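Visitor: Please read through the structure below; I'll follow up with questions.
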């Protein structure tokens, strides 16, 4: 992107008002009377990047163009929650019209830092459990947004269709992410009705993902990767274990299927970004975020990857290939 916005990437500098972590900083030449939107994102991976792309696209459609008619900046915490806190504090100090927080950790940091600035969250699994809002309908206060609580029960049904003998579902997740805990609890509640059990492997950072995946070999019949930012950002480590051991890997998001998971019934994250963008526009035009109800995506899409399935010893039926919104080649 060219002037008036500037991308800069670098290490975090622990100085007051200075954070250089993968950001799109506002050019000082922009007119000061423009509306301003500051976007914080916990980490870069396809799903969250798609949210950001959809957000920007919707803003442009509404006449808020980051290149011309909007002060826009974006920063990534590179998977580091303390950095997300620093970004949130920096943004609040700059008093933008809206802070957009993509992911639960970024939203929690923004919510804690902001006392006056509206915060619109996106790709947050369980905003109530994350203590962002106390209710979904007109939550009040400064915060609202779009949640992405994945239909994990339907994911188990999908696993059962493709791997009928699967009874032990291995789940890798970051126990420190409240969104992941909510999803895994739902998986555990849904499993008994399908005569399945859940085998957990927890991590605290992406460096531990490969070891967690290997720990499931022999203990699980399949691996399920929920919409967990830590795991998704290190998905290749899980896929390598799956291919090497013929241990089928399923995901909670469709972007992970494009990277090599077998299948998912997931949300279109670019559409989630557009949905978020519509909310941001409403706030930029004067609505109070607390009067805007938390929204959810309207539908899920089946995406399958026959090549990945073959590598892990699974065959996708022709009927499912025809049903899929996308078949990854």
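The values are calculated or read from the model by the stated rules, or taken from the named source; none is laboratory data. These numbers come from a predicted model, not from an experiment. Neighbour counts are summed over all protein chains in view; Cβ atoms, including those assigned to glycine, are modelled from backbone coordinates with ideal geometry.
Visitor: From 215, 180, 237, grab the single residue that is over 26 Å from residue 320 (Cα atoms), at pLDDT 95 or above and out of contact with any helix residue (DSSP H, G or I) (no Cβ under 7 Å at 6 or more places or on another chain).
Guide: 215
Visitor: Taking the stretch 256-277, which residues are within 13 Å of residue 239 (Cβ to Cβ) and surrounded by fewer than 24 Cβ atoms within 10 Å (Cβ to Cβ)?
Guide: Within the stretch 256-277, 258, 259, 260 meet the criteria.
Visitor: Is it the case that the stretch 134-144 has a residue that's in contact (Cβ under 8 Å) with a residue 12 or more places away in the chain, over 22 Å from the mean Cα position of the chain (by Cα) and either in a helix (DSSP H, G or I) or surrounded by 24 or more Cβ atoms within 10 Å (Cβ to Cβ) (or both)?
Guide: No, the stretch 134-144 contains no residue that is in contact (Cβ under 8 Å) with a residue 12 or more places away in the chain, over 22 Å from the mean Cα position of the chain (by Cα) and either in a helix (DSSP H, G or I) or surrounded by 24 or more Cβ atoms within 10 Å (Cβ to Cβ) (or both).
Visitor: Give 159, 172, 223 a once-over and let me know the one that is closer than 28 Å to residue 320 by Cβ, modelled with pLDDT of 95 or more and outside any strand (DSSP E or B).
Guide: 159
Visitor: Any chance you could count how many residues in the stretch 107-116 are farther than 14 Å from residue 84 by Cβ and surrounded by 21 or more Cβ atoms within 10 Å (Cβ to Cβ)?
Guide: The total comes to 0.
Visitor: Still on this structure: Can you confirm whether the stretch 268-288 contains a residue that is under 19 Å from residue 149 (Cβ atoms), part of a loop (DSSP other than H, G, I, E, B) and touching a residue at least 12 places away in the same chain (Cβ under 8 Å)?
Guide: Checking the stretch 268-288: at least one residue is under 19 Å from residue 149 (Cβ atoms), part of a loop (DSSP other than H, G, I, E, B) and touching a residue at least 12 places away in the same chain (Cβ under 8 Å).
Visitor: Right, residue 247: buried (at least 20 other Cβ atoms within 10 Å of the Cβ), more than 25 Å from residue 44 (Cβ to Cβ) and either in contact (Cβ under 8 Å) with a residue 12 or more places away in the chain or out of contact with any helix residue (DSSP H, G or I) (no Cβ under 6 Å at 6 or more places or on another chain) (or both) or not?
Guide: Considered against the rule, which asks whether it is buried (at least 20 other Cβ atoms within 10 Å of the Cβ), more than 25 Å from residue 44 (Cβ to Cβ) and either in contact (Cβ under 8 Å) with a residue 12 or more places away in the chain or out of contact with any helix residue (DSSP H, G or I) (no Cβ under 6 Å at 6 or more places or on another chain) (or both), residue 247 comes out as yes.
Visitor: Taking the stretch 90-106, which residues are in a helix (DSSP H, G or I) and buried (at least 24 other Cβ atoms within 10 Å of the Cβ)?
Guide: 91, 104, 105, 106
Visitor: In the stretch 71-85, what residues are more than 24 Å from residue 278 (Cβ to Cβ) and in contact with a helix residue (DSSP H, G or I) (Cβ under 7 Å, 6 or more places away or on another chain)?
Guide: Hits for the stretch 71-85 are 77, 79, 81, 84, 85.
Visitor: Select from the stretch 245-266 the residues that are in a helix (DSSP H, G or I) and over 13 Å from the mean Cα position of the chain (by Cα) and write down the one among them that is nearest to residue 220 (Cα to Cα).
Guide: It comes out as 245.
Visitor: Out of 130, 166, 150, I need the residue that is at pLDDT below 95, under 21 Å from residue 309 (Cβ atoms) and either touching a strand residue (DSSP E or B) at 6+ places or on another chain (Cβ under 6 Å) or not in a strand (DSSP E or B) (or both). Which one?
Guide: 150
Visitor: Among the residues of the stretch 308-329, what is the count of those that are over 19 Å from residue 155 (Cα atoms) and within 25 Å of the chain's Cα centre (by Cα)?
Guide: Matching residues across the stretch 308-329 total 1.
Visitor: Tell me, which residue of the stretch 289-329 that is touching a residue at least 60 places away in the same chain (Cβ under 8 Å) and in a helix (DSSP H, G or I) is nearest to residue 255 (Cα to Cα)?
Guide: The selected residue is 308.
Visitor: Taking the stated definitions as given, is residue 280 modelled with pLDDT of 95 or more and under 26 Å from residue 39 (Cβ atoms)?
Guide: yes
Visitor: Any idea which of 160, 175, 166, 150 is touching a helix residue (DSSP H, G or I) at 6+ places or on another chain (Cβ under 9 Å), in contact (Cβ under 8 Å) with a residue 60 or more places away in the chain and more than 30 Å from residue 291 (Cβ to Cβ)?
Guide: After applying the criteria, what remains is 166.
Visitor: Shifting gears a bit: Under 6 Å by Cβ, and 6 or more places apart or on different chains, what pairs join a residue from the stretch 100-125 that is at positive phi and modelled with pLDDT of 95 or more with one that is buried (at least 24 other Cβ atoms within 10 Å of the Cβ) and part of a strand (DSSP E or B)?
Guide: From the stretch 100-125, the pairs are 103/123; 123/102.
Visitor: Could you list, in sequence order, all residues of the stretch 44-70 that are crowded, with 21+ Cβ neighbours inside 10 Å, touching a helix residue (DSSP H, G or I) at 6+ places or on another chain (Cβ under 6 Å) and at pLDDT below 95?
Guide: Within the stretch 44-70, 45, 47 qualify.
Visitor: May I pose another question? Give me the residue from the stretch 197-218 that is within 21 Å of residue 163 (Cα to Cα) and surrounded by fewer than 20 Cβ atoms within 10 Å (Cβ to Cβ) and, out of that set, nearest to the chain's Cα centre (by Cα).
Guide: Among those residues, the one meeting the criterion is 200.
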